[in-house]
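> After the structure tokens below, expect a handful of questions from me.
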Amino acid sequence: MSEKKTAHSVRTAVAASLLTLAVAGSFGAAPAFARTVNIMETGSTLLYPLFNLWVPAYTHSHPEVRINTQGTGSGTGISEAISGVAQIGASDAYMSDPQMKQNPNILNIPLAISAQTVNYNIPGLNNTHLKLNGPVLAGIYDNHIRYWNAPAIQRLNPGVRLPHHRITPIHRTDGSGDTFIFSQYLSFSTPYWNSHVAYGTTISWPAVPGGLGALGNPGMVQSAAQTPYSIAYIGVSFANEVRRAHLGTALLENRAGHFLLPTKTTVEAAAGQLINKTPKDERISLVFAPGAHSYPIINYEYAIVNDHQKNTETANAMRQFLMWTVNPRGGNARSFLRQVRFIALPARISALSRKQIAKIR
Amino acid sequence: MKLRPFRIALVLITSLIPLALLAVLVFLGRYSWPAITFNGWHFLFGHTWNLGNLYADPVMQRGQLAPIGANYGILVFIVGTLLTSAIALLIAIPISLGVAIFLAEGLGSNLKMILSFVVELLAAVPSVVYGLWGYAVLTPLVARVIGPALRSTLGFLPFFSGSIGSGYGLLAASIVLALMVVPIIAATVRDALSQVPSETKEAAYALGATHFEVIRRAMLPTVRGNIIGACILGLGRALGETMAVLMVSGGALNYFPGNIYSPITTMASFIVSQLDSAMQDPTGMAVRSLAEIALILFVISVITNIIARLLTGTSRNVSSV
Amino acid sequence: MSRPFKPSRMTRRKWLSAAGWVFAASSFLLVATPLLDILYTVFRKGMSALSLTLFTQVTNGISGGLLNAITGTLALVSGALIFAAPVGILAGIYLSEFGRSRFGQMVRFLDDVLTGVPSIVLGYFSYVTLVIGLGWQFSVLAGSITLAIMVVPYVARFTEIAFLQVPNSLREAGYALGLRELTVITRIALPLALPGILTGVLFAIAISLGETAPLIYTAGWSNFLWNGRLIHEPIGYLTYVIWSFINQPFRSAHALAFAAAFLVILMVLVINVGLTILLKRTRPIRPGQR
């Protein structure tokens, strides 16, 4: 009877799949090291590529530690570090005062320094570095400055033929450390923006007709490449993508009035200016740093960690790993940072980070 | 008595479905209650979504602790959701019927099985991949080909005229959603059509109808209930889709679409893109407001389902020979 | 139509019918073309990562293989089916055979509404209640349950529709022969409804294979092979690779993302073909056909 055949076939199929699962599962029963420690890292998509470079290298020499990395977002990183679901939360933004008050035993530990570029897609001008500053960018993003040849932009770029065309500002739809530092640059340089929009990983972007939201840094590159006369802010790790898409990079005005591109020199200069001002808990913004050669949009990349872990093995493993990451011969070596275009922590900051890491118990 | 155990078991297991939904509903309701009291009706009619200043101390406002300047309004997202789902269905329903007819009646059995896989494959593509393809291939296509074509033919209607922009927007999102909904409707209708008893078909032929007329006048009406059911499932998928829409919709914030090419944001995709930022709000008001969005989406889903049922009128039980 | 034959009317009908077929065929083309383009794009961009190592190595930061993601996806989807298939099929049977009551109507209604709940909402719900609330942390169980809740309405609906297609005359014949209700349903109606049920299950598999957002908050992610633990152990899955690796500034990561996309589509196809062949070969003759 046909139902018997059906039943038989179904039984065979189920048996086959269970067998396959059993075989696959047995792979997982491979040599388990006595006392493997599992560490879950989640958070910032800016730090994610760097963690993905670090983890294979570190576990190669420390096979008793299993580290899983996830790129979710700074907010998720902070939240899961607080709730304990993740041991290391990666964040481009330090925690706010109210958050610290709620969670006094959380550490914000800088691991590296990142930067950001402002890019645009203007047919014919993508090979020129236009000069832009905070107030102009604020004007673009809140619909006061609508055309590329607006007087404010032209004033900064005498001698450049700017087209009469509407600007399409592109922002990040997802919560993002890039939005955080970009909006800080706008806030710190433009009082009007500070009082009306302020900064955050998500902000209430003023309505600009045609303004676009893009997902992730690759989305920003793609949207800008596809939209003539657009402008976007992109993390420095994606410089290759920016170059491949033939987008222009802006010279940004810093606090001292100079227009700069993000290079190792300018980023290090900015970081150097704020070494002394960095408090012990290392929560500080590096945006719009003083100094003639300081690039205005840089930030610490943080590991958000609870100083109290569930057992000593985990705590020890975490301390070891984090110490390695801030070590100039370990995670902070040029070979790693160069691939994501971050720069290493200055020595004194590295020392402060190490002091915080030592607190993990 | 005779069949009690079987029926009782059936009822118990069936109730797991409404129970699951109820659990989610209760969770959403309780979790978003503080946000509901904080936001009031303004939530539905405001068109700015402002998390406020997360780096300053939160203040007591309207009985709840919330960041300064926090102001949640979702009218823009409601409009985005309704527009994308409506347009997606408008595109998907006729096309799905066409595909179903083509597959069920238009082919010999070998070709039928092979080409039917087209429909299965459409369902097989993960929504992220739709999103990826959407933003790599579809949005340029909309900007360069589909948009201009639409504007030149239907441009006399204000909705289809105006700036085409970059391709990210309502049109691209609706097209992607339509592609995701087509397999649901087409597969159901195709299966239903192939089950129509041959007596019905033979009777229509005997009356002198062409093949297509047999389909249109004799077969489709008998499966009308199934079609409506599939459309409702498809509507559900469209309302709740997040990833694919997120990648092609353009992420408009705080303004309404002026035409079909304008960027938009839907409620579901907004929740995904904002969940991370909302988690940074120490008062939790932002996440609770996102939960409130989910609750509103649920209400919209219920309302559209009720309307769909009222429109059909029938009890959707196919009467059989 | 007992009117006398008029050439012009017949011609008009012929034209309309032809137009109908053109519409049907063009609809199919309109749908097949983007699909082929998607497959082509995915294959082309993932090609550089397609090799045997995909199946033998685990993800290693920004490159490597996909073994952990593949086995993880299989585990999660199987788990989802273990919950969703029995519940869905039985619910579908209930709705079709006994579902005219108030309770049945309510279930059907809520079932449809459930499909409209965004996957991220279910994911967050599970995150708060299962991952944190019950303390399961990132786990296969949390991920599977979430996926199951997502797909059970589809299984139920397709099952219901399949059962409704079975002609009542057959059921009546069964009762006339003195069979019990349970026997009528399982021996007479079920075999005939099997293709429709299968479609529903295949849909469930396709949808759960392709979900990302809910799993990010319930299953987490793991670079290692699943060790069989149902809770307190995160797990990898292919859609995570697609979603996250595409956002990294490394070419190898992008290629891996597209390779993962290709694998997901391939997996659904294989399961689809496999199950269909398995059950079509034993499909009984349908009534009214030779």
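> Find the sum over both chains of the accessible area lost when C and A are paired, probe 1.4 Å, and report it in Å² to the nearest 100. Please list the in-between numbers first.
On the way: alone 17120 and 16870 Å², together 30720 Å².
Buried area (both sides, nearest 100 Å²): 3300 Å².
> Considering protein heavy atoms only and a 1.4 Å probe radius, which residues within segment B:27-59 exhibit an accessible-area decrease of no less than 20 Å² in the full assembly relative to the chain by itself?
Flagged in segment B:27-59: B:F27, B:Y31, B:N50, B:L51, B:N53, B:L54, B:Y55, B:D57.
> For the cross-link pairs A:K280/A:K310; A:K131/A:K355; A:K310/A:K355; B:K112/C:K45; A:K131/A:K280, which exceed 32 Å when the distance is taken from alpha carbon to alpha carbon?
On the way: A:K280/A:K310 25 Å; A:K131/A:K355 40 Å; A:K310/A:K355 20 Å; B:K112/C:K45 30 Å; A:K131/A:K280 36 Å.
Those over the limit are A:K131/A:K355; A:K131/A:K280.
> Once fully extended, how much extra length lies between B:L12 and B:A206, figured as 0.36 nm per residue of separation less the alpha-carbon to alpha-carbon distance? Numbers along the way, then the final one.
Numbers: separation 194, 0.36 × 194 = 69.84 nm, distance 4.80 nm.
Once the chain is fully extended between B:L12 and B:A206, it gains 65.0 nm.
> Which shape class, rounded, prolate or oblate, goes with segment A:34-74 when its Cα gyration tensor gives a ≥ b ≥ c as root eigenvalues, a/c under 1.5 marks rounded, and past that a/b bigger than b/c marks prolate?
Numbers: a/c = 4.99, a/b = 1.77, b/c = 2.83.
Taking the square roots of the gyration eigenvalues as a ≥ b ≥ c, segment A:34-74 is oblate.
> Give me a single rounded figure for B:204-212: the average over its residues of other chain Cβ atoms within 10 Å of their Cβ.
Values: counts 1, 0, 0, 2, 6, 3, 8, 3, 10.
That average works out to 4.
> Same structure again: How large is ³J(HN,Hα) for each residue in segment A:302-318, as worked out from phi by the Karplus curve 6.51 cos²θ - 1.76 cosθ + 1.60 (θ = phi - 60°), to whole Hz, x for Gly and Pro?
Values per residue, Gly and Pro as x: 9, 9, 9, 9, 7, 6, 10, 9, 6, 8, 5, 4, 4, 4, 4, 4, 5 Hz.
> If you take the beta carbon distance between B:A23 and B:F159 as r and set R0 to 41 Å, what does 1/(1 + (r/R0)^6) give as a FRET efficiency, to the nearest 0.05? Don't skip to the end; give the middle numbers.
On the way: r = 41 Å, r/R0 = 0.99.
Efficiency at R0 = 41 Å is approximately 0.50.
> How much of the accessible area of chain C, probe 1.4 Å, is carbon plus sulfur, in whole percent? Each step should come with its number before you reach the end.
On the way: 7630 of 11310 Å².
That share works out to 68 percent.
> For an R0 of 51 angstrom, estimate the FRET efficiency from the Cβ-Cβ distance between B:A149 and B:W33 and round to the nearest 0.05.
Working: r = 49 Å, r/R0 = 0.95.
Efficiency computed from Cβ-Cβ geometry: 0.55.
> Karplus couplings for segment C:79-87 from phi (6.51 cos²θ - 1.76 cosθ + 1.60, θ = phi - 60°), rounded to Hz, Gly and Pro as x?
Here the 3J(HN,Hα) series is x, 4, 5, 4, 7, 7, 5, x, 4 Hz.
> Is the shape of segment C:171-242 rounded, prolate or oblate, going by the alpha carbon gyration tensor and its root eigenvalues a ≥ b ≥ c, with a/c under 1.5 for rounded and a/b larger than b/c for prolate?
On the way: a/c = 5.09, a/b = 3.00, b/c = 1.70.
The shape class here is prolate.
> Rank B:S32, B:S161, B:S198 by mean-square fluctuation in a GNM of chain B with C-alpha springs under 10 angstrom and give only the top-ranked residue.
Residue with maximal mean-square fluctuation among B:S32, B:S161, B:S198: B:S198.
> Arranged from highest to lowest average of other beta-carbon atoms within 10 Å per residue, in what order do the peptides C:94-100, B:298-304 appear? Walk me through the intermediate numbers first.
Details: C:94-100: 20.9, B:298-304: 17.1.
Per-residue mean Cβ counts within 10 Å order the peptides as C:94-100, B:298-304.
> From other protein chains only, count the Cβ atoms within 10 Å of every residue's Cβ in C:204-211, then give the mean.
Values: counts 0, 2, 8, 7, 1, 3, 11, 5.
Per residue, the number of nearby Cβ atoms from other chains is 5 on average.
> Check which residues have an amide H placed less than 5 Å from A:I39's amide H, if you skip close sequence neighbours.
Distant-sequence amide H within range of A:I39: A:R66, A:I67, A:N68.
> Give the carbon-plus-sulfur fraction of the accessible surface of segment B:1-101 in %, rounded to a whole number; probe 1.4 Å, heavy atoms of protein chains only.
Details: 3530 of 4740 Å².
Carbon-and-sulfur percentage of accessible area, whole number: 74.
> Over the protein assembly as shown, how many percent of alpha carbon pairs lie in each 10 Å bin up to the one with the longest distance?
The percentages, shortest bin first, are 2, 11, 21, 24, 20, 12, 6, 3, 1, 0, 0.
> What is the packing order of peptides A:239-250, B:284-295, C:79-90, taking the mean over residues of other C-beta atoms within 10 Å and listing the highest first? List each step's numbers first, then the result.
Numbers: A:239-250: 17.2, B:284-295: 24.5, C:79-90: 21.5.
The packing order, highest mean first, is B:284-295, C:79-90, A:239-250.
> Could you sort the residues of segment A:55-76 by number and keep only those whose accessible area is reduced by 10 Å² or more in the all-protein-chain setting relative to the chain alone, 1.4 Å probe?
With the partner chains in place, segment A:55-76 has these residues losing at least 10 Å²: A:P56, A:R66, A:I67, A:N68, A:T69, A:Q70, A:G71, A:T72, A:G75, A:T76.
> Just flag the chymotrypsin sites (Phe, Trp or Tyr not before Pro) in segment B:1-62 sitting in loop per DSSP whose Cβ has no more than 13 other Cβ atoms within 10 Å.
On the way: sites: B:F6, B:F27, B:Y31, B:F38, B:W41, B:F43, B:F45, B:W49, B:Y55; in loops: B:W41, B:Y55.
In loop regions of segment B:1-62 (DSSP not H, G, I, E or B), the sparsely surrounded chymotrypsin sites (Phe, Trp or Tyr not before Pro) are B:W41.
> Continuing with the same structure: Kindly report the accessible area of segment C:153-290 per residue (heavy atoms of protein chains, probe 1.4 Å, no ligands, DNA or RNA), in Å². Please report the intermediate quantities before stating the final value.
On the way: 4720 Å² over 138 residues.
Per-residue accessible area for segment C:153-290 comes out at 34 Å².
> Now a separate question. Return, for the Cα atoms of chain A, the radius of gyration and Dmax in Å, separated by a comma.
Spelled out, the Cα radius of gyration and Dmax of chain A are 23.8, 88 Å.
> On full extension of the chain, what length is gained from C:Q105 through C:A25, given 0.36 nm per residue of separation minus the C-alpha to C-alpha distance? Kindly include the intermediate steps, with their values, before the conclusion.
On the way: separation 80, 0.36 × 80 = 28.80 nm, distance 3.68 nm.
Result for the pair: 25.1 nm of gain on full extension.
> Tell me the total accessible area that B and C bury against each other, 1.4 angstrom probe, in square angstrom rounded to 100. Don't jump to the answer; show the numbers that get you there.
Values: alone 17320 and 17120 Å², together 25990 Å².
Interface area, both chains combined: 8500 Å², rounded to the nearest 100.
> Among DSSP beta bridges lying fully in the protein assembly as shown, give the percent that are antiparallel, nearest 5. Show your work: numbers first, answer last.
Details: 32 of 50 bridges.
Of the beta bridges lying entirely in the protein assembly as shown, close to 65 percent run antiparallel.
> Separate question: Residues of C:99-111, mean number of Cβ from any other protein chain within 10 Å of their own Cβ, rounded to a whole number? Mind dumping the intermediate values first?
Values: counts 3, 2, 1, 0, 4, 2, 3, 2, 6, 8, 7, 9, 8.
For peptide C:99-111, the averaged partner shielding equals 4.
> Go through C:13-19, C:114-120 and give me the packing order, highest mean Cβ count within 10 Å leading.
Numbers: C:13-19: 13.3, C:114-120: 26.0.
Most protected by this proxy first, the peptides run C:114-120, C:13-19.
> Also, quick follow-up: Once you place label points 7 Å from the Cα toward the Cβ at C:S51 and A:A347, how far apart are they in nm?
It works out to 4.3 nm between the two label points.
> Let me ask something else. Quick one: what are the phi-derived ³J(HN,Hα) couplings along segment B:68-84, Karplus 6.51/-1.76/1.60 with θ = phi - 60°, whole Hz, x for glycine and proline?
5, x, 5, 8, 10, x, 10, 4, 4, 6, 4, 4, x, 4, 5, 5, 5
> How much of the accessible area of segment A:226-347, probe 1.4 Å, is carbon plus sulfur, in whole percent? Before the final figure, lay out the partial values.
Values: 2500 of 4890 Å².
Looking at segment A:226-347 in its full context, I get 51 percent from C and S.
> Average the reciprocal distances over every distinct pair of alpha-carbons in segment B:215-321, invert the result, and give the Kirkwood radius in Å. The partial results should precede the final answer.
Working: mean 1/r = 0.0601 Å⁻¹.
Radius from the Kirkwood sum: 16.6 Å.
> Starting from the Cα-Cα distance between A:H165 and A:M323, subtract it from 0.36 nm times their residue separation and give me the gain in nm to one decimal. Numbers along the way, then the final one.
On the way: separation 158, 0.36 × 158 = 56.88 nm, distance 5.12 nm.
Going from the current span to full extension adds 51.8 nm.
> Solvent-accessible area per residue for segment B:219-320 at a 1.4 Å probe radius, Å²?
Working: 2540 Å² over 102 residues.
For segment B:219-320, the per-residue accessible area is 25 Å².
> Residues of segment C:116-139 losing 40 Å² or more of accessible area relative to the isolated chain, 1.4 Å probe, heavy atoms only?
Correct list: C:G116, C:P118, C:I120, C:V121, C:Y124, C:F125, C:Y127, C:Q137, C:F138.
> Rounded to the nearest 500, what is the protein assembly as shown's calculated 222 nm mean residue ellipticity when only DSSP H runs of at least 4 contribute -39500 (n - 2.57) each, over all residues? Numbers along the way, then the final one.
Working: 36 runs with 532 residues, N = 972.
That comes out to -18000 deg cm²/dmol.
> Hey, another quick one. Restricting to chain A, what percent of DSSP beta bridges are antiparallel, rounded to 5? Before the final figure, lay out the partial values.
Values: 24 of 41 bridges.
Around 60 percent of the beta bridges assigned by DSSP in chain A are antiparallel ones.
> So which chymotrypsin sites (Phe, Trp or Tyr not before Pro) in segment A:32-113 end up in coil per DSSP with only 15 or fewer other C-beta atoms within 10 Å? Each step should come with its number before you reach the end.
Details: sites: A:F33, A:F51, A:W54, A:Y58, A:Y94; in loops: A:F33, A:Y94.
Qualifying residues, ordered by number: A:F33.
> Kindly state, as a whole number, the per residue volume in cubic angstrom of the convex hull around the alpha carbon atoms of segment C:1-107.
Values: hull volume 25.2 nm³, N = 107.
Value for segment C:1-107: 236 Å³ per residue.
> Per residue, how much accessible area does segment B:141-197 have with a 1.4 Å probe, in Å²? Please report the intermediate quantities before stating the final value.
Details: 1930 Å² over 57 residues.
Value for segment B:141-197: 34 Å² per residue.
> As I understand it, the value is the acute angle between the Cα axis of helix C:140-165 and the longest principal axis of the Cα atoms of chain C; what does it come to in degrees, rounded to 10?
The answer is roughly 10 degrees.
The values are calculated or read from the model by the stated rules, or taken from the named source; none is laboratory data. Small disclaimer: the values here were computed from a predicted structure and weren't measured. Cβ sites come from the backbone with ideal geometry, for glycine too, and all protein chains shown count toward neighbours. Remember, those area values only see protein heavy atoms, side chains included, never the ligands or the DNA or RNA. Shrake-Rupley method; radii C 1.70, N 1.55, O 1.52, S 1.80 Å.
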